[in-house]
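The values are calculated or read from the model by the stated rules, or taken from the named source; none is laboratory data. As the structure is a prediction and not an experimental result, all values here were calculated from the model. Backbone-built Cβ (ideal geometry, glycine too); neighbour counts: all protein chains shown. Please note that ligands, DNA and RNA were not included when accessible areas were found on the heavy atoms of the full protein model with its side chains. Shrake-Rupley method; radii C 1.70, N 1.55, O 1.52, S 1.80 Å.
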Amino acid sequence: MEVAQQSKFVKDIIDTREDAESPIVLEEVTGDVLAKIIEYCEHYQNDSLDNNDKNNDVPQCLDGILPWDKQFMKVDQDMLCKIMVASNYMDIKPLLDLSCKTVANMIRGKSEEEICSMFNIIDDFTDDEKKQLLGENELVDW
């Protein structure tokens, strides 16, 4: 039960449901993704996942990810995206942060074209549309 309650979404369901024997339905999470999430939660079940400073007490790689976490995130891009979506849906902030940090490290130092290629993104904006977007979003760097 401790492992399941690391998800705030699941914890809220457990705390508020009337029938303790009824199943908890996670419509947005497939079995293979749930297995990965359970693996993560089991690994950290004795740690407080609410402690955002957990990475400060353990030696890290240069990319800011703990060695176990880095190994855990060695999955294909499809699984990485599914973990990211599921951890957001299930409200497991440390896992969401880890998956986002993993993606950030993947795209660090890459050009726009390399990132688009990596994630199969088609840049179909015209130059005029890009100029309009730049005017609306001054932080965007085209």
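Laid out as a table, the results:
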| item | result |
| --- | --- |
| Point-to-point label distance, E113-D128, nm (Cα→Cβ direction, 7 Å offset) | 2.5 |
| Matching label, Kirkwood radius over Cα pairs in Å computed from the structure shown, candidates (1) 16.6; (2) 15.1; (3) 17.6 | (3) |
| With at most 12 other Cβ atoms within 10 Å, longest stretch of the chain clear of loop trypsin sites (Lys or Arg not before Pro) (DSSP) | 18-73 |
| Probe 1.4 Å - accessible area at V85, Å² to nearest ten | 90 |
| Flagged links, alpha-carbon separation over 19 Å, of K36/K93; K8/K70; K101/K131; K8/K101; K70/K93; K8/K36 | K8/K70; K101/K131; K8/K101 |
| Mean ellipticity per residue at 222 nm, deg cm²/dmol - from DSSP H runs of n ≥ 4 across the chain, formula -39500 (n - 2.57) | -15500 deg cm²/dmol |
| Length gained when the stretch V85-D12 is fully extended (0.36 nm per residue, less Cα-Cα span) | 24.4 nm |
| Summed side-chain charge close to A104 - residues other than A104 whose Cβ falls under 15 Å, Lys, Arg +1, Asp, Glu -1 | 0 |
